[in-house]
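Novice: I'd like to ask you about the structure that follows.
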Amino acid sequence: DQQVKQNSPSLSVQEGRISILNCDYTNSMFDYFLWYKKYPAEGPTFLISISSIKDKNEDGRFTVFLNKSAKHLSLHIVPSQPGDSAVYFCAARRTGGATNKLIFGTGTLLAVQP
Amino acid sequence: DAGVTQSPTHLIKTRGQQVTLRCSPKSGHDTVSWYQQALGQGPQFIFQYYEEEERQRGNFPDRFSGHQFPNYSSELNVNALLLGDSALYLCASSLGAGTRFFGPGTRLTVL
């Protein structure tokens with residue numbers, strides 16, 4: 001049962017344009033969401049997160065939007081740069097108790113064309 | 001400040017063998033989590049260690065075991081290796097339930 005889904009395996013965007021990566025989740029108990037970026041031969045690098053009490057969080061060129069009613073979140077990268085080309089993973093967790101493990105999606109490969 | 005380090009980088013084993021992977025957490029972190037990332041998949045949670053005890057466990061068989069040492073470093077052991085155990089094994093450290101910082105991973109190939 002895939003509780004966190006990234007339905008687009010890949011995305012290609014022109015440099016300077018906006019990249020939008022999408023993520024859906026099924027478990028309504030998730031209350032904290034994260035995006036990680038992964039380059040080949042490296043571990044995932046934390047990008048940005050959002051708590052379920054917010055609907056938007058911004059950090060420089062990266063903005064994450066959360067729509068709890070739709071159980072959907074998205075990562076916007078503006079403007080996109082060639083160095084942003086990587087695999088992006090969405091992850092979710094339920095805070096507290098013994099269940100704060102991260103549940104990851106399958107990733108979206110972003111290619112930013114110069 | 002060194003981040004999360006893992007050793008070895010790559011490992012080749014044959015079916016039935018046993019393997020030990022090692023992780024040193026980021027300075028100041030006390031919690032270590034292990035993940036398995038199969039090809040084309042996202043990382044899957046194996047287990048988490050805090051205060052030298054296993055706190056949580058994902059859906060992995062008992063062939064997967066671990067240990068955390070007093071200096072917070074950790075080992076992942078896999079016994080009776082199967083072909084399906086071939087994957088990238090990621091270690092993540094955190095301060096309690098804070099943001100996880102991942103190491104570069106160990107690529108395990110089982111032949």
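Novice: Once the dipole of the protein assembly as shown is set up with Lys and Arg at +1 and Asp and Glu at -1 on Cβ about the Cα centre, which of B:5, A:25, B:98 lies farthest towards its positive end?
Specialist: Projecting each Cα onto the dipole axis, the largest value belongs to A:25.
Novice: Based on Cβ point charges of +1 for Lys and Arg and -1 for Asp and Glu, what charge dipole magnitude is obtained for segment A:4-113 about its Cα centre, in debye rounded to the nearest 20?
Specialist: 300 debye
Novice: Projecting each Cα onto the charge dipole of segment B:4-96 (Lys/Arg +1, Asp/Glu -1 at the beta carbon, about the Cα centre), which of B:46, B:86, B:66 comes out farthest on the positive side?
Specialist: B:86
Novice: Tell me the carbon and sulfur percent of the accessible area for segment A:4-113, rounded to whole percent, probe radius 1.4 Å.
Specialist: In segment A:4-113, the share of accessible area belonging to carbon and sulfur is 51 percent.
Novice: Averaging sequence separations of C-alpha pairs under 8 Å and six or more residues apart, then dividing by the length of chain A, give the relative contact order as a whole percent.
Specialist: 36 percent
Novice: Then there is this: With a cut-off of 8 Å between alpha carbons and a minimum separation of six or more residues, what is the relative contact order of chain B in percent?
Specialist: 37 percent
Novice: Give the residue from A:3, A:75, A:65 lying farthest towards the positive end of the charge dipole for chain A; charges sit on Cβ (+1 for Lys and Arg, -1 for Asp and Glu) and the dipole is referred to the Cα centre.
Specialist: A:3
Novice: Checking an interface number: how much accessible area is buried between B and A, summed over both chains, with a 1.4 Å probe, in Å² rounded to 100?
Specialist: In total, this chain pair buries about 1500 Å².
Novice: Between A:28, A:74, A:85, find the one with the highest GNM mean-square fluctuation for chain A; connect C-alpha pairs within less than 10 Å.
Specialist: Comparing A:28, A:74, A:85 in the GNM, the peak value goes to A:28.
Novice: Further question on the same structure: Let's see if you can work this out: charge +1 on each Lys and Arg Cβ, -1 on each Asp and Glu Cβ, no other charges. What is the dipole magnitude of chain B about its Cα centre, in debye to the nearest 20?
Specialist: Here the size comes out at about 420 debye.
Novice: Something else: Once phi is turned into ³J(HN,Hα) by the Karplus curve 6.51 cos²θ - 1.76 cosθ + 1.60 with θ = phi - 60°, what whole-Hz value does each residue of segment B:28-43 show in order, with x for glycine and proline?
Specialist: Computed from phi, the couplings for segment B:28-43 are x, 8, 10, 10, 10, 10, 10, 10, 10, 10, 7, 4, x, 10, x, x Hz.
Novice: Before I look further, what does segment B:5-110 give for accessible area per residue, probe 1.4 Å, in whole square angstrom?
Specialist: I get 45 Å² per residue for segment B:5-110.
Novice: Just the projected area, averaged over all directions, of the convex hull on the alpha carbon atoms of segment B:5-110: how many nm²?
Specialist: Average of the hull's projected areas for segment B:5-110 equals 6.0 nm².
Novice: Figure the gain on full extension for residue B:53 and residue B:11 (residue separation times 0.36 nm, minus the Cα-Cα span) and round it to one decimal in nm.
Specialist: Stretched out fully, the residue B:53 to residue B:11 stretch lengthens by 12.5 nm.
Novice: A follow-up question, please. Select from segment B:28-48 all residues whose loss of accessible area on going from the chain by itself to the full protein assembly reaches 50 Å² or more (probe 1.4 Å).
Specialist: When all protein chains are present, B:43 each give up 50 Å² or more of accessible surface.
The values are calculated or read from the model by the stated rules, or taken from the named source; none is laboratory data. Everything numeric here is computed off the predicted structure, so don't read it as measured data. Positions of Cβ are backbone-derived with ideal geometry, glycine not excepted, and every protein chain shown enters the neighbour counts. With ligands, DNA and RNA removed, areas are computed over all heavy atoms of the protein, side chains included. Shrake-Rupley method; radii C 1.70, N 1.55, O 1.52, S 1.80 Å.
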